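Input: a single structure, listed below in structure tokens.
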Amino acid sequence: MESLRVLELYSGIGGMHYALKESGISAQVVAAVDINTTANKIYRHNFPDTPLWNKTIEGIPLDDFNKLSFDMIMMSPPCQPFTRLGLQGDVADPRCKSFLFILELLPRLCKLPTYILLENVKGFESSSARDYLIKTLSGCGYTYQECMISPTNVGVPNSRLRYFLVAKMSAENSSIQTSDKVMCDYQAFADTVSVFYIIHREKLEESPSGPQFLLQNLDQPSEDNSNVHVLYKRETQMDSQKKTNQNKDLSVQQIQDYLEPQMNIDMELYLLKPKTLLRYGSILDIVQPHSRRSVCFTKGYGRYVEGTGSVLQCCMENEISSVFTNLDQLTEEEKLQKMLKLNLRYFTPREVANLMGFPQSFSFPEDISIIQQYRVLGNSLNVLVVARLLQLMSSEHFGHSEGVCNTNVFLTDAIKENLS
């Protein structure tokens, strides 16, 4: 394959660019486009030779796009219009304007790109924006497949379920059947790797918001929960069993494989403050070095506690269950003294980057604060997952399986690489 010319839209800190390098595909990013000044500073720091356009996408003339003569588009449009925690404004959200512009622009390009890869949050799959995307791709003659994948599927101990679409222009497109199901061929895949979610595109009911989707959890705990301890006041026995099952999954690596050497960490910067422990201790997602799980790190990590990411237990002399048992019956000082025994800290930005698949060569400029580092990482993506999808998309077999996304071979190989 000749070296591909790649256009990286919503480039952020370069997650897609690193995935392209990780994939081994011969390619050159001919332009990266983003308007976030902090992200652009980090991108330029790591990719000084890549043209970086600090422009709104909808402000770029068609001629400028045509001059790039790109073979591939990689993009991760703003997720706020689709996230379950947001207003879910979909195409009416002003932040969706640039994406709609891309869809209007695509058919008017002098040369259609051969490949397109898109990433977004869970929720995009049931959006009007997604329907417009599929209509545009079909009209242009693309073969496409949609998947919902988490880094746990490639052996990384971090949950970050995301929607992906890979599309390919083919001379045979007239004879290829393209599936409209957001799925993967996980029937055989689930026997090999840890799969927690499958999306079935079942039209359960028609509604103004479009077709509804059924989310199926494959990691159901056993009905007998009599021996399961509830560790936190807000954690059910089912929650506890799910975490136990995740930690038993040997296809996923341990957290300790992604940690910085203790001597490199200024613990005072990352230890949880007493007031944080007292206020949020009962809802913290606590993991240990030997754990094989962690929750999604968001842009609010380090500033907010609830739902923003896991924290690490550094002192293993005390069991979590012994610390939190009957904790609500103690005085504030007694609660604090018990929780301090766990020596809880935030993951460092470098450790979060490790869990998200960024290589050791990735770094931040010195003037980027820790909070800014967390924020841009929370807005990024998992490099390893995207790399495997790029390999799938560029393979000669893609588009010849009647719409089924054959990620099993690529993701299984990724796990073998991680565990070797």
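Any read-out appearing in this document is the output of simple, stated calculations on the displayed coordinates, not a laboratory observation. What you see is a predicted model, and the numbers here were worked out from it, not measured in a lab. Neighbour counts run over all protein chains shown; Cβ positions are idealised from the backbone, glycine included.
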Roughly how many Å is it from the Cα centre of the stretch 9-69 to that of the stretch 142-172, as a whole number? 21
Quick check on packing: order 49-59, 152-162 by the mean number of other C-beta atoms within 10 Å, highest mean leading. 152-162, 49-59
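I'm a student and want to see the number: the projected area of the Cα convex hull of the stretch 66-167, averaged over all directions, in nm².
Convex hull of Cα atoms, orientation-averaged projection: 7.0 nm².
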If you take the beta carbon distance between Arg95 and Ser363 as r and set R0 to 25 Å, what does 1/(1 + (r/R0)^6) give as a FRET efficiency, to the nearest 0.05? 0.30
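Sort 355-363, 381-389 for me by packing, meaning the mean count of neighbouring Cβ atoms within 10 Å per residue, highest on top.
The packing order, highest mean first, is 381-389, 355-363.
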Sorted peptide list for 133-146, 256-269, criterion being average Cβ within 10 angstrom, highest first: 133-146, 256-269
Which of Lys97/Lys168; Lys248/Lys275; Lys122/Lys341; Lys122/Lys168 have a Cα-Cα distance over 28 Å? Lys248/Lys275; Lys122/Lys341
With 0.36 nm assigned to each residue of separation and the Cα-Cα distance removed, Val295 to Lys111 gains 62.1 nm
